[in-house]
Amino acid sequence: MPVHTIRLFGDPVLRTPAAPVETFDKELRKLVADLTDTMMGAPGVGLAAPQIGVSLRVFTYWVDDVVGHLINPSLDLSEDLQDGEEGCLSLPGLSYDTRRAQRVVATGMNMHGEPVVIEGSDLLARCVQHETDHLDGVLFIDRLDPVACKAAMREIREAEWFGQP
Ligand code: ZN
């Protein structure tokens, strides 16, 4: 399966809310396979379809040796929060403390159109929230407080990859 180029901050596809998947066909299964290969090649703990230029509500994850995917996710978040470093393959080199819900129950579908539930805490919960944000055109730097967000924007403007075609 081909490994795709990961779209970087500045690419409008990362700011576009992705469309729900309606057709669970061969093409969708190929998208999941491509996302998985691209994520593992990076390597990264998660990858959302918009990050390879496909504006559909699909993401893959790779946490604690478990590789999976979720389509059309809907999240139920715990009230308790976690703090921890977060980064993104679309923002290479950046990592900032990002507050997230400690636990998540994510419902959605697998690539065969069957309903699935993913329950996770810690890193898996963080990953699921981060990837679902991508499907809404939201990036982790949007979750930072204004001071940290400003620092992140400065770091992005100075990054070697920023503004490259
Ligand atoms: Zn990301």
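Only the coordinates and a few stated rules stand behind these numbers; no lab work does. Bear in mind that the values here come from a model prediction, so they are computed numbers and not experimental data. Using ideal geometry, Cβ is built from the backbone for each residue, glycine included, and neighbour counts are taken over all protein chains shown.
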Next item on the list: Quick one: pull the percentage of alpha-carbon pairs in the chain with a separation above 22 Å.
Entry: 39
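Can you give the calculated 222 nm mean residue ellipticity of the chain, where each DSSP H run of n ≥ 4 adds -39,500 (n - 2.57) and the sum is split over every residue, rounded to the nearest 500 deg cm²/dmol?
Values: 3 runs with 43 residues, N = 165.
Taking each H run of at least 4 residues, the total per residue is -8500 deg cm²/dmol.
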Notebook entry, point to check: If you project the alpha carbons of the stretch 103-165 onto their three principal axes, what span does each projection cover, largest first, in Å?
Noted result: 44, 29, 17
Margin query: At 7 Å along Cα-to-Cβ for each site, give me the label-to-label distance between D142 and R99 in nm.
Written below: 1.8
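For the stretch 8-64, what does the alpha-carbon gyration tensor say about shape, rounded, prolate or oblate, given a ≥ b ≥ c as the root eigenvalues, a/c under 1.5 as rounded, and a/b over b/c as prolate? Display every interim value, and only then the final one.
Working: a/c = 1.93, a/b = 1.05, b/c = 1.83.
Cα axes put the stretch 8-64 in the oblate bin.
With N set to the number of residues, divide the alpha-carbon radius of gyration of the stretch 69-142 by 2.2 N^0.38 Å and report two decimals. Walk me through the numbers on the way to the answer.
Details: Rg = 12.5 Å, N = 74, 2.2 N^0.38 = 11.3 Å.
Here the answer is 1.11, to two decimals.
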Margin query: So if I take the centroid of the Cα atoms in the stretch 3-26 and the same for the stretch 100-165, what is the distance between those two points in Å?
Written below: 14
